[in-house]
Amino acid sequence: MNTSFNFLEKSLELYRYPKRITHPSWQAWDAADELLLDHIQQSQENIKQTRIVILNDDFGALSCWLNEAKVHHVSDSLVSQLACKQNIELNNLDKARITYIDSLAPIPQAPDWVVIKIPKTLALLEHQLIQLQTVVSQNTKIVAGAKAKMIQKSTLALFEKYLGKTYTSLAKKKARLIFCEPDLAIQQKPSPYPSVWKMQQEPFTISNHANVFARQQIDIGARLLIDNLPDCTAKTVVDLGCGNGVLGLCILKRYADAQVIFMDESYMAVASAKLNVQNNLPKEMHRALFIVSNCMEELENNPQVDKVICNPPFHQLNTITDHIANQMFEDARSALKKGGELRIIGNRHLEYPQKLKRLFGGYNVISSDKKFSILSSLK
Ligand SMILES: C[S@@+](CC[C@H](N)C(=O)[O-])C[C@H]1O[C@@H](n2cnc3c(N)ncnc32)[C@H](O)[C@@H]1O
């Protein structure tokens, strides 16, 4: 795996997070990062005096390279923040020059530059452009970058709708830039997020911040798992990778004495789960805990959990991967009490049974259909 980012006059060592995650084709930067940096370098004389807001800097390549500036790193992903912190430290850069801002917190006013890596979810981009409407000044330079295939007419239309005149560069190494001139005369529009849908299995109205999985309807896997939840009477349960929290919400409703810990690496996911308990089961808030965490890293290392329920992710950004599911299963095993249970749902083509067998010594198939299996392992 190439970890040496030698670009223009600077050399950095960059890793994804956690650092041990390696794969021959997994770099911590891409051609869009290079185009963005090249553009900023050419257009900005004294970078040291510059205030730059960087949105969705995947593993910190932009923030590290621009460390001489005053950088605001805005992201919905704790893993992105952790990757950036790790890379700042590895390269002995100045951590005092970076401020980390999560996707629901306010962005500072009138930055010199707004630099956007176009996110996978267009709704997240829309949320961010709406935030930027109230932040940019006439003098703010706005540039965005992505793989060329991710830049569609709908992407450019969002920039035009919320910020101003927008045009693109030619593609280079299959990446492209978007330039946008802020037009302060554009009327500010309200945000459509969080959006809501109604659940069929339970009488819940589910609110979803812009970057949440299953934002428009319940996931088929989640629906099946809800029909096959374990007995959680008087148990401490972790809804791991909780998204909008539908699994944990059902447990809180069905088991009046269960405690549920909702965990996700997305700030918007954890905020949505909290909103959903507050709105649907307000009297049960005292039985719920909400933690932004990479897998279960934020839980103390003493086994205290009775059940872990999980519909694992199999993507990181645009890459298909099983490394997150692996870490989730390992963390679950560490956090479970003896006799505690990990219950998961997975697409049948994924190698979850092998992983559970290796970690727990075995598993039971609770239910399965043509596409999915629900598996349970005991510690
Ligand atoms: C398949 S979705 C399941 C969401 C929800 N439980 C459901 O069933 O609708 C997987 C979730 O895992 C979260 N996730 C991805 N990587 C993670 C990580 N490293 N640590 C914690 N959560 C993660 C995603 O943000 C997403 O909400």
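The values are calculated or read from the model by the stated rules, or taken from the named source; none is laboratory data. The structure presented is a predicted model; accordingly, all values stated were derived computationally and were not measured. Cβ placement follows ideal geometry from the backbone for every residue including glycine, while neighbour counts extend to all protein chains displayed. Ligands, DNA and RNA are excluded from the accessible area calculation, which covers all protein heavy atoms including side chains. Shrake-Rupley method; radii C 1.70, N 1.55, O 1.52, S 1.80 Å.
For the range 293-379, which whole-number percentage of the solvent-accessible area (1.4 Å probe, protein heavy atoms only) is attributable to carbon and sulfur atoms?
Values: 1980 of 4300 Å².
Roughly 46 percent, rounded to a whole number.
Carbon and sulfur: what percent of the range 59-154's accessible surface (1.4 Å probe)?
Numbers: 1830 of 3480 Å².
Of all accessible area on the range 59-154, carbon and sulfur atoms account for 52 percent.
Ignoring ligands, DNA and RNA, what accessible area per residue does the chain give at 1.4 Å, in Å²?
About 45 Å² of surface per residue is accessible.
Report the equivalent ellipsoid semi-axes for the range 195-378 in whole Å, largest first, defined as the square roots of five times the eigenvalues of the gyration tensor built from alpha carbon atoms. Present the calculation step by step, with values, prior to reporting the outcome.
Details: eigenvalues 104, 69, 52 Å².
For the range 195-378, the semi-axes come out at 23, 19, 16 Å.
So what's the Cα pair-distance distribution over the chain, bin width 10 Å, in %?
5, 23, 30, 24, 14, 4, 0
Could you work out how far the C-alpha centroid of the range 309-350 sits from that of the range 1-73, in angstrom?
Centre-to-centre (Cα) distance: 30 Å.
Take Arg215, Arg20, Arg223 and sort them by solvent-accessible surface of the protein heavy atoms, 1.4 Å probe, largest at the top. Intermediate results must be reported in sequence, preceding the final value.
Details: Arg215 50, Arg20 150, Arg223 105 Å².
Largest to smallest exposure gives the sequence Arg20, Arg223, Arg215.
What number, rounded to the nearest 500 deg cm²/dmol, is the helix-based mean residue ellipticity at 222 nm of the chain, given -39500 (n - 2.57) per DSSP H run of at least four residues and division by all its residues? Provide the component values of the computation, followed by the final result.
Details: 10 runs with 105 residues, N = 379.
So the helix-based figure for the chain works out to -8500 deg cm²/dmol.
Kindly flag which residue pairs out of Lys10/Lys174; Lys307/Lys337; Lys283/Lys307 have an alpha-carbon separation exceeding 20 Å in this structure. Please report the intermediate quantities before stating the final value.
Working: Lys10/Lys174 23 Å; Lys307/Lys337 9 Å; Lys283/Lys307 22 Å.
Beyond 20 Å between Cα atoms: Lys10/Lys174; Lys283/Lys307.
Of all accessible surface on the range 180-255 at a 1.4 Å probe, what whole percent is carbon and sulfur?
On the way: 1690 of 3490 Å².
The nonpolar share, carbon plus sulfur, comes to 49 percent.
For the range 4-182, taking Cα atoms only, what is the radius of gyration to one decimal and the Dmax to the nearest whole Å?
Considering the range 4-182 through its Cα atoms, Rg and Dmax are 15.1, 44 Å.
So what J values fall out for the range 199-206 if you push phi through Karplus, 6.51 cos²θ - 1.76 cosθ + 1.60 with θ = phi - 60°, rounded to Hz, Gly and Pro as x?
Result, rounded to whole Hz: 8, 8, 5, 9, x, 10, 9, 9.
DSSP loop trypsin sites (Lys or Arg not before Pro) in the range 279-374 with at most 16 other Cβ atoms within 10 Å of their Cβ, which ones?
Working: sites: Lys283, Arg287, Lys307, Arg333, Lys337, Lys338, Arg343, Arg348, Lys355, Lys357, Arg358, Lys370, Lys371; in loops: Arg348, Lys370, Lys371.
Sites meeting the loop and neighbour criteria: Arg348, Lys370, Lys371.
Please report how far the C-alpha centroid of the range 363-379 lies from that of the range 257-305, rounded to the nearest whole angstrom.
Taking the Cα centre of each part, the range 363-379 and the range 257-305 sit 24 Å apart.
With an 8 Å Cα cut-off and a minimum separation of 6 or more residues, compute the relative contact order for the range 4-182 in percent. All intermediate terms of the calculation are to be shown ahead of the outcome.
Details: 335 pairs, mean separation 35.9, N = 179.
Once divided by the residue count of the range 4-182, the mean separation gives 20 percent.
To check you understand DSSP bridge types, tell me what percent of the beta bridges within the range 80-176 (both residues inside) are antiparallel, rounded to 5. Intermediate results must be reported in sequence, preceding the final value.
On the way: 3 of 8 bridges.
Around 40 percent antiparallel, to the nearest 5.
Would you mind telling me the antiparallel percentage of the DSSP bridges in the chain, rounded to 5? Before the final figure, lay out each step's value.
Details: 34 of 72 bridges.
Among the beta bridges of the chain, antiparallel pairing accounts for roughly 45 percent.
How high is the relative contact order of the chain, given as a whole-number percent (alpha carbon pairs under 8 Å, six or more residues apart)? Before the final figure, lay out the partial values.
Numbers: 791 pairs, mean separation 39.3, N = 379.
Answer for the chain is 10 percent.
What order do Leu289, Leu224, Leu299 take when sorted by accessible area (1.4 Å probe), most exposed first?
Values: Leu289 95, Leu224 50, Leu299 25 Å².
Result of the area sort, largest leading: Leu289, Leu224, Leu299.
Excluding residues on the same chain fewer than 8 positions from Lys141, give the aspartates and glutamates whose Cα lies under 16 Å from its Cα.
Lys141 reaches Asp38, Glu45, Asp112, Glu160, Glu181, Asp183.
Output the antiparallel fraction of DSSP beta bridges having both residues in the range 195-378, as a percent to the nearest 5. Don't jump to the answer; show the numbers that get you there.
Numbers: 17 of 36 bridges.
Looking only at bridges with both residues in the range 195-378, the antiparallel portion is about 45 percent.
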